[in-house]
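What follows is one structure encoded as structure tokens, with my remarks underneath.
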Amino acid sequence: MSDRILVLDDEKEIAEVIALYLRNEGYEVELAFTGREALRKIEAAPPDLALLDVMLPDIEGFRVLRLIREKYKFPVIMLTAKTEYTDKITGLTLGADDYIAKPFNPLELVARVKAQLRRYTKYNDGPKQQENLIDFAGLVMNRETHECTFNEKELTLTPIEFDILWLLCENRGKVISSEQLFEQIWKEKYFKNSNNTVMVHIRHLREKMGDGRRKSDFIKTVWGVGYKIEK
């Protein structure tokens with residue numbers, strides 16, 4: 001069965017071009033042109049991945065993203081004509097897995113979609129093995145089911161957040177630099193602004209692992225070097 005992708009964009013021509021390229025790769029594509037329409041379709045049948053435009057005629061794309069993350073874990077890629085870096089940070093903070101600015105190369109978009117789906121679906125495939133489980137200092141992670149609890153509290157993590165936490169746990173006691181984190185998790189070359197992307201995800205993880213009044217200090221910052229989890 002092919003993966004299902006929801007494309008939300010009020011510019012029908014752009015949505016149709018995206019759909020054409022994705023269908024040529026064998027994906028099943030459903031289109032939505034307003035935020036409310038997208039939310040109805042997600043509620044009826046959650047997709048494997050969603051592409052969300054930020055500027056919409058009814059509900060801002062960030063609001064749609066926030067509502068999605070209240071219930072679902074599937075990857076979300078934001079599409080926007082805005083170029084301000086703060087908009088990218090906003091999307092990533094709210095739980096987006098990737099961010100593509102318009103105008104974009106459709107082939108790059110398809111590559112980003114494939115990368116996110118590979119990352120997401122790997123948690124649900126393959127036989128159960130002990131190496132797919134982490135149970136450490138109150139943190140329990142299952143890489144097959146993408147389930148994560150901390151101090152018996154369930155954490156709703158995006159695939160990238162899960163990957164970051166898993167990588168740090170696998171290397172606990174060692175310092176992992178922002179460059180290592182970015183290149184291993186995002187599979188892209190590290191640039192100066194990439195550090196901001198890593199920082200946003202670390203902050204988001206700490207907030208989710210906190211007690212509601214403060215951020216968790218489970219993930220340590222080693223200033224000028226990177227991040228680590230103590231043994």
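Only the coordinates and a few stated rules stand behind these numbers; no lab work does. This is a predicted model, so every value here is computed, not measured. Note that each Cβ is placed from the backbone with ideal geometry, even for glycine, and that neighbours are counted across all protein chains shown.
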Query raised in the report: When the dipole is taken about the Cα centre of the chain, and only Lys, Arg (+1) and Asp, Glu (-1) are charged at their Cβ, what size is it in debye, to the nearest 20?
Result: 800 debye
Query raised in the report: Tell me, what is the Rg over Rh of region 127-228, with Rh the Kirkwood radius over Cα pairs?
Result: 0.95
Report task. Multiply the residue separation of R63 and V17 by 0.36 nm, subtract the distance between their alpha-carbon atoms, and state the gained length in nm to one decimal. Result -> 14.1 nm
Query - Fewest-first sequence of D163, D135, D10, D211 by Cβ atoms within 10 Å of each Cβ - result: D211, D135, D10, D163
Report summary line: Residues other than E183 with Cβ under 13 Å of its Cβ, Lys/Arg counted +1 and Asp/Glu -1, net out at -1
Query raised in the report: For Y72 and R214, FRET efficiency with R0 = 30 Å and r from the beta-carbon atoms, rounded to 0.05?
Result: 0.65
Requested in this report: Starting with the fewest neighbours, write out D97, D3 ranked by other beta-carbon atoms found within 10 Å of each beta-carbon.
Outcome: D3, D97
Report summary line: Listed with the fewest Cβ neighbours within 10 Å leading, H146, H201 appear as H146, H201
Requested in this report: Note the full-extension length gain between N105 and R206 as 0.36 nm times their separation in residues minus their Cα-Cα distance, in nm to one decimal.
Outcome: 32.9 nm
Query raised in the report: Against the longest alpha carbon principal axis of the chain, how many degrees, from 0 to 90 and to the nearest 10, is the axis of helix 12-24 turned?
Result: 70 degrees
**Report entry** Potential lengthening between E152 and N24 on full extension [0.36 nm per residue; Cα-Cα distance subtracted]
**Finding:** 41.7 nm
Query raised in the report: Long-range amide H contacts for V29: which residues qualify at under 5 Å (H placed 1.01 Å from N, peptide plane, sequence gap of 5 or more or a different chain)?
Result: I5
Report summary line: Karplus-derived 3J(HN,Hα) from phi for region 163-175 (6.51 cos²θ - 1.76 cosθ + 1.60, θ = phi - 60°), whole Hz, x at Gly and Pro, runs 4, 4, 5, 5, 4, 5, 5, 4, 10, 4, x, 10, 8
